[in-house]
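*Asks:* Structure in structure tokens, see below.
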Amino acid sequence: MLAHTPQLIVALDYPDAFRALEMAQQLIPARPWMKVGLELLMHAGPRIVADLRDLGLDVFLDGKFHDIPNTVAGAVRGAVITGARMVNVHAGGGLRMMRAAREAADVAAMTNALPRPLLIGVTVLTSLSEEELREEVGCARSATAQVIALARLAREVGLDGVVASVLEAAAIKEACGPDFLVITPGIRPARADDDQRRVATPAAAARAGADFLVVGRPITQAENPLAACEAIQAEIRGTANG
Ligand code: C5P
């Protein structure tokens, strides 16, 4: 039996606020978290986070900040003020950058009387192959070794967790401890068939120790998104109870 039940985050990958809010409204009865990624952020602006919060939904602002420490700190301050409950930065930006992000989140939350959002590190993008990582990015380690190294750094500076594939979730928990959060995209219900290749089912992600599961198209493109969302939540709970 799992000690906890992972939370479901629905990726609202839309090029406009209207469609994103329409989808969010349909999903309100299931109360999943909402993920605002770069596409929606650039089309709808940061105000979309407050609009989703007004529907009573928690928001992961997936801005994947990666810049010099001072600039990332400023971006994190802005992200905190949107009311997002989870924000991320690239762990590859280094210790000083992550530390600046953490300090900015603490100060912005305190001065605006808001809860500090969970601060999450992006490790290695799962879209990169081992070969691309080695030949193009110039990383000598394997993808898994790099993910674990970056997760350790993120933990060292006080980030709350990392984004990683289900395949790496157990190793991250082993290296960083059970309380260090693992957020896993690439989730597909058993019979899905689309362009995602390195995928895991919701039950497998929960068993691997993931704390948050990010799911987009299997819900947003379903004939009945609410039913699809509830079915995935039931699969996660089934794992948690059994
Ligand atoms: O539609 P789908 O379930 O594939 O959406 C997955 C979401 O997770 C997208 O918003 C995508 O940007 C995000 N993501 C991912 N792989 C990563 C990191 C984020 O698919 N490594």
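The values are calculated or read from the model by the stated rules, or taken from the named source; none is laboratory data. Computed from a predicted structure; not experimentally measured. All Cβ positions, even for glycine, are placed from backbone atoms using ideal geometry, and neighbour counts span all protein chains on display.
*Asks:* Keeping to segment 120-137, report how many residues are free of Cβ contacts under 8 Å to residues at least 24 places away in the same chain, under 22 Å from Leu95 (Cα atoms) and assigned to a loop (DSSP other than H, G, I, E, B).
*Replies:* Residues in segment 120-137 being free of Cβ contacts under 8 Å to residues at least 24 places away in the same chain, under 22 Å from Leu95 (Cα atoms) and assigned to a loop (DSSP other than H, G, I, E, B): 2 in total.
*Asks:* What are the residues in segment 158-167 that are within 16 Å of the ligand (Cβ to nearest atom) and either surrounded by fewer than 19 Cβ atoms within 10 Å (Cβ to Cβ) or more than 15 Å from Val89 (Cβ to Cβ) (or both), if any?
*Replies:* If the condition is that a residue be within 16 Å of the ligand (Cβ to nearest atom) and either surrounded by fewer than 19 Cβ atoms within 10 Å (Cβ to Cβ) or more than 15 Å from Val89 (Cβ to Cβ) (or both), then Ser165, Val166, Leu167 are the ones that fit.
*Asks:* I've got another one for you. For segment 185-197, which positions are within 9 Å of the ligand (Cβ to nearest atom) and modelled with pLDDT of 60 or more?
*Replies:* Selection gives Pro185, Gly186, Ile187, Arg188.
*Asks:* A further question follows. If you scan segment 144-157, which residues turn out to be touching a residue at least 12 places away in the same chain (Cβ under 8 Å), closer than 15 Å to His90 by Cβ and in a helix (DSSP H, G or I)? Let's see the steps before the verdict.
*Replies:* We begin by selecting, within segment 144-157, every residue touching a residue at least 12 places away in the same chain (Cβ under 8 Å); these are 144, 146-148, 150-157.
Adding the requirement that they be closer than 15 Å to His90 by Cβ leaves 146-147, 150-151, 153-154, 157.
Listed by number, the residues that qualify are Gln146, Val147, Leu150, Ala151, Leu153, Ala154.
*Asks:* I'd like the full set of residues that are crowded, with 22+ Cβ neighbours inside 10 Å and farther than 16 Å from Cys229 by Cβ, limited to segment 19-39.
*Replies:* Val36
*Asks:* Name the helices (runs of 4 or more DSSP H) wholly inside segment 1-119 in which the number of residues that are within 16 Å of Gly158 (Cβ to Cβ) is 2 or more. Spell out how you get there, then give the answer.
*Replies:* Values: elements: 17-27, 38-44, 47-54, 69-82, 95-111.
Correct list: 69-82, 95-111.
*Asks:* Take the residues of segment 168-184 that are closer than 16 Å to Thr144 by Cα and touching a Lys or Arg at 6+ places or on another chain (Cβ under 7 Å): which is nearest to the ligand (Cβ to nearest atom)?
*Replies:* Looking only at segment 168-184, we keep the residues that are closer than 16 Å to Thr144 by Cα, and these are 168-176, 182-184.
From what is left, the residues that are touching a Lys or Arg at 6+ places or on another chain (Cβ under 7 Å) are 175-176, 182.
Values: Ala175: 19, Cys176: 18, Val182: 12 Å.
Ranking the candidates gives Val182 first.
*Asks:* Quick one: in segment 15-53, which of the residues that are among the basic types (Lys, Arg) and more than 18 Å from the chain's Cα centre (by Cα) is nearest to Arg85 (Cα to Cα)?
*Replies:* Looking only at segment 15-53, we keep the residues that are among the basic types (Lys, Arg), and these are 19, 31, 35, 47, 53.
Retained after the next criterion (residues that are more than 18 Å from the chain's Cα centre (by Cα)): 19, 47.
Numbers: Arg19: 22, Arg47: 14 Å.
Looking at the filtered set, the residue picked out is Arg47.
*Asks:* Moving on. Considering only residues that are in a helix (DSSP H, G or I), of a type in the set (A, V, I, L, M, F, W, C) and touching a helix residue (DSSP H, G or I) at 6+ places or on another chain (Cβ under 6 Å), which ones fall in segment 158-170? Explain how you work it out, then say what you get.
*Replies:* At the first step, the residues of segment 158-170 found to be in a helix (DSSP H, G or I) are 166-170.
From what is left, the residues that are of a type in the set (A, V, I, L, M, F, W, C) are 166-167, 169-170.
The one that is in a helix (DSSP H, G or I), of a type in the set (A, V, I, L, M, F, W, C) and touching a helix residue (DSSP H, G or I) at 6+ places or on another chain (Cβ under 6 Å): Val166.
*Asks:* Then there's this: Does Ile219 qualify as being buried (at least 17 other Cβ atoms within 10 Å of the Cβ) and either more than 11 Å from the ligand (Cβ to nearest atom) or at pLDDT 95 or above (or both)? It would help to see each step written out before you state the result.
*Replies:* Working: buried (at least 17 other Cβ atoms within 10 Å of the Cβ): yes; either more than 11 Å from the ligand (Cβ to nearest atom) or at pLDDT 95 or above (or both): yes.
The answer is yes for Ile219.
*Asks:* Output the qualifying pairs, or none if there are none: Cβ atoms under 8 angstrom, residues six or more apart or on different chains, first residue in segment 167-191 and touching a residue at least 24 places away in the same chain (Cβ under 8 Å) and basic (Lys, Arg), second residue part of a loop (DSSP other than H, G, I, E, B) and away from the ligand (no atom under 14 Å from the Cβ).
*Replies:* Lys173/Phe180; Lys173/Gly209
*Asks:* Going through Met86, Met42, Met98 one at a time, which residue ends up being within 14 Å of the ligand (Cβ to nearest atom), surrounded by 20 or more Cβ atoms within 10 Å (Cβ to Cβ) and not acidic (Asp, Glu)? Talk me through it step by step, then tell me what you get.
*Replies:* On the way: Met42 fails: surrounded by 20 or more Cβ atoms within 10 Å (Cβ to Cβ); Met98 fails: within 14 Å of the ligand (Cβ to nearest atom).
Of the residues listed, the single one that is within 14 Å of the ligand (Cβ to nearest atom), surrounded by 20 or more Cβ atoms within 10 Å (Cβ to Cβ) and not acidic (Asp, Glu) is Met86.
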